[in-house]
Amino acid sequence: MSNLLKYDVIYILDPNATPEEGTAVSTKIEQIVADAKETVLKKDDWGKRRLAYMVKKHREGHYAFFHLSVAPATIAEVVRNLRLMEKVIKFSVVRDEISHLKPKIKPPRKPGNPDAATHRPGASRTSSHGSNRSSYVPSRSSTSTSAPTSAPSSAATSTPASAPVSAPVSASPAEASAVPPAIPSN
């Protein structure tokens with residue numbers, strides 16, 4: 001009895017079914033739940049409604065809803081009986097996973113550090129589905145390992161920002177690091 005789960009059961013009866021046949025189906029579900037010593041939390045008769053599409057050559061159906069707190073073995077028995085009943089044209093059983101979850105409590109934020117709750121240095125960044133393979137972003141450091149370790153070009157440091165610099169096109173890296181020729185001034 002400790003592994004009781006909550007389920008929503010909705011079934012649609014043939015629109016030509018008599019009220020006695022409708023009560024026989026609901027009584028059978030209640031009897032299966034009562035025999036297992038479990039509970040029917042809610043029972044609702046939604047009445048006759050138009051279907052979204054034809055089901056077994058019917059455009060309308062009589063809807064009924066049950067909210068049950070039962071074991072998985074009991075819900076399997078309910079499904080088996082719904083399949084065998086001729087007046088049931090369609091049914092759906094859904095496990096209610098929301099109602100029994102406890103709300104997640106977030107830790108309070110510290111007033112001096114608003115970024116502390118959103119990002120911690122050194123913490124791995126993961127996506128919402130828990131996998132950090134595709135969303136990993138390495139941390140940025142002050143030194144760059146991808147830049148070449150050659151001496152800086154004097155052309156980049158000696159020319160003012162407003163003067164245009166024309167760099168010679170060369171094939172060898174030694175010529176590329178050489179100072180470009182001076183532009184004659186008039």
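The values are calculated or read from the model by the stated rules, or taken from the named source; none is laboratory data. These numbers come from a predicted model, not from an experiment. When we count neighbours, we look across all protein chains shown, and the Cβ atoms used for this are built from the backbone with ideal geometry, even at glycine.
Here are some notes:
Table: residues versus (1) under 18 Å from I10 (Cβ atoms); (2) at pLDDT below 90; (3) touching a strand residue (DSSP E or B) at 6+ places or on another chain (Cβ under 9 Å); (4) of a type in the set (A, V, I, L, M, F, W, C).
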{"site": "W46", "(1), (2), (3), (4)": "yes, no, yes, yes"}
{"site": "L84", "(1), (2), (3), (4)": "yes, no, no, yes"}
{"site": "V88", "(1), (2), (3), (4)": "yes, no, yes, yes"}
{"site": "F91", "(1), (2), (3), (4)": "yes, no, yes, yes"}
{"site": "D96", "(1), (2), (3), (4)": "yes, yes, yes, no"}
{"site": "K104", "(1), (2), (3), (4)": "no, yes, no, no"}
{"site": "P107", "(1), (2), (3), (4)": "no, yes, no, no"}
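- When residues of region 1-27 are limited to those that are assigned to a helix (DSSP H, G or I) and not hydrophobic (A, V, I, L, M, F, W, C), the one farthest from R59 (Cα to Cα): T27
- When region 13-39 is limited to residues that are among the charged types (D, E, K, R) and touching a residue at least 40 places away in the same chain (Cβ under 8 Å), the one that is surrounded by the most Cβ atoms within 10 Å (Cβ to Cβ) turns out to be D14.
- Selection status of D8, of a type in the set (D, E) and without any contact (Cβ under 8 Å) to a residue 60 or more places away in the chain: no
- Just so you know, in region 49-78 the residues that are outside any strand (DSSP E or B) and more than 28 Å from the chain's Cα centre (by Cα) include one that is surrounded by the most Cβ atoms within 10 Å (Cβ to Cβ), and it is V78.
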